[in-house]
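First comes the structure, then the notes that go with it.
The values are calculated or read from the model by the stated rules, or taken from the named source; none is laboratory data. This structure is a prediction, so every number in the text was calculated from the model and none was measured. Note that we place each Cβ from the backbone using ideal geometry, even for glycine, and neighbour counts take in every protein chain shown. All accessible areas refer to the heavy atoms of the entire protein, side chains included, with ligands and DNA or RNA removed. Shrake-Rupley method; radii C 1.70, N 1.55, O 1.52, S 1.80 Å.
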Amino acid sequence: MMKADGRTGGLAVCMVIAALAAVPPFRLSAQSEGSVVAALPGSTRSAALGGAGAALVGDAGAVFANPAGLAAVRHLSVEGSYERYLVGTAVSSAALALRLGRFTWGFGTQALDYGVEPEIVPDPATGGRTGIATGASFHPYDVLAVSSFVYRRGLVALGVSGKYDRQQFGSAPADAWAGDVGLAIAVFDLMALGVSVQDIGGDLGNGVHLPRRTRAGFTLNYVDPQGTLRLLTTVEGQWPSEGNAYVIAGLEGGAVTRAMGVLARVGYAGHSAATSASPWTAGASVELGGGRLHLDYAYRADDALGARHRLGLRWTT
């Protein structure tokens, strides 16, 4: 059976699905790792910094990289992002974190939506060279949901996450349960060390699993982030279960006043397998409300998918 938009659109969609599954733009691997969305950055800020996230603390988007990073949320953090992919596909994410004393709870979801296409079957009158519509539709997708619980004592925080991934590419969906564990040591707002192990478990069946990886990162603020000037670097190592270890580095800088501010970002992303994506990423933020509201943008060039633009919104209290 063939899913198509007219005679060629569905073939293009199927080719995109195959290409994204085989060569996701950030950490890629192979045949036995079966989720594209689980390997993508969970926030626009992370995407602009090359995909680093293990030591980016204090935002709700930490739920996708290191649950312990949620411990630095002061009260409440909410964020979301959206990115158009190739041939009508789209990536979106949303996250929420709430702190109650020594504990922080977080929730997030990511989705890779391939769009709705009419179902086409081979036409026997042409020997299968063309197709005919059945009247039914086909909606391939990859959706991930995660819930985290974090305990902080002093500078040290420990976090755990439960995850559920559901995919629909053919007639039968596949799903999997997995978990993350993380550690974060945040020294006020000056520096942070983060370590996480992601996608423990995650069996999608037929030997396919969510992409297991270990991450360790270090973030350093060179100036007081409560002041006007901002300058931050983050460096992260990732050890995927399949493929070679690699390094990600990011730089963020700008100025923020009580009224508004502007930050610029640049990142360099290594990889453990062949990829069509540029190793360089870039982005920016407009800060409003004294830095509580963040309007984020991330960019990455990709020879296969074209220029990728991601928009995001973060709000913290």
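P(r) tail for the range 113-206: Cα pairs beyond 18 Å make up 65% of the total. Shown in residue order for the range 224-238 are the 3J(HN,Hα) couplings computed by the Karplus curve 6.51 cos²θ - 1.76 cosθ + 1.60 at θ = phi - 60°: 5, x, 8, x, 6, 7, 10, 8, 9, 10, 9, 10, 9, x, 10 Hz (x for Gly and Pro).
In this structure, Ala255 and Thr214 have a Cβ-Cβ separation that, at R0 = 51 Å, corresponds to a calculated FRET efficiency of about 0.90. List the residues of the range 237-268 whose backbone N lies under 18 Å from a point placed 7 Å from the Cα of Leu231 along the Cα-to-Cβ direction. Those under the cut-off are 250-257, 262-267. For mean projected area of the Cα convex hull in nm², the value calculated from this model appears in [x] 15.8; [y] 30.3; [z] 19.8 under label [x]. Angle of helix 9-22 to the longest C-alpha principal axis of the chain, folded into 0 to 90 degrees and rounded to 10: 50°. With the simple spin-label model, which puts each label point 7 Å out from Cα in the Cβ direction, the Leu76 to Val286 separation comes to 2.4 nm. Taking only protein heavy atoms and a 1.4 Å probe, the accessible area of the range 180-227 is 67% carbon and sulfur. Phi angles of the range 104-114 translate, via the Karplus equation with coefficients 6.51, -1.76, 1.60 and θ = phi - 60°, into HN-Hα couplings of 9, 10, x, 9, x, 9, 10, 9, 10, 9, 8 Hz per residue; Gly and Pro are given as x. Expressed as a whole percentage, what fraction of the accessible surface of the range 67-174 belongs to carbon and sulfur atoms when a 1.4 Å probe is rolled over the protein heavy atoms? Accessible surface attributable to carbon and sulfur in the range 67-174 totals 64 percent. Less than 5 angstrom separates the built amide H of Gly131 from those of Asp123, all sequence-distant by 5 or more or on a different chain. Test of understanding: given the chain, find the longest segment containing no chymotrypsin sites (Phe, Trp or Tyr not before Pro) that are in a DSSP loop and have at most 16 other Cβ atoms within 10 Å. That would be 1-187.
Here the accessible area of the range 239-300 is 66 percent carbon and sulfur, with a 1.4 angstrom probe and all protein chains present. Only loop residues by DSSP count here, and only those with at most 10 other Cβ atoms within 10 Å; note down the trypsin sites (Lys or Arg not before Pro) in the range 210-299 that meet that. Within the range 210-299, the qualifying trypsin sites (Lys or Arg not before Pro) (loop, at most 10 other Cβ atoms within 10 Å) are Arg258. Spatial offset of the range 69-99 relative to the range 220-263 amounts to 17 Å, using the alpha carbon center of each. Entry note, the chain: the mean residue ellipticity at 222 nm calculated from DSSP H runs of n ≥ 4, each adding -39500 (n - 2.57), is -1500 deg cm²/dmol after division by the residues and rounding to the nearest 500.
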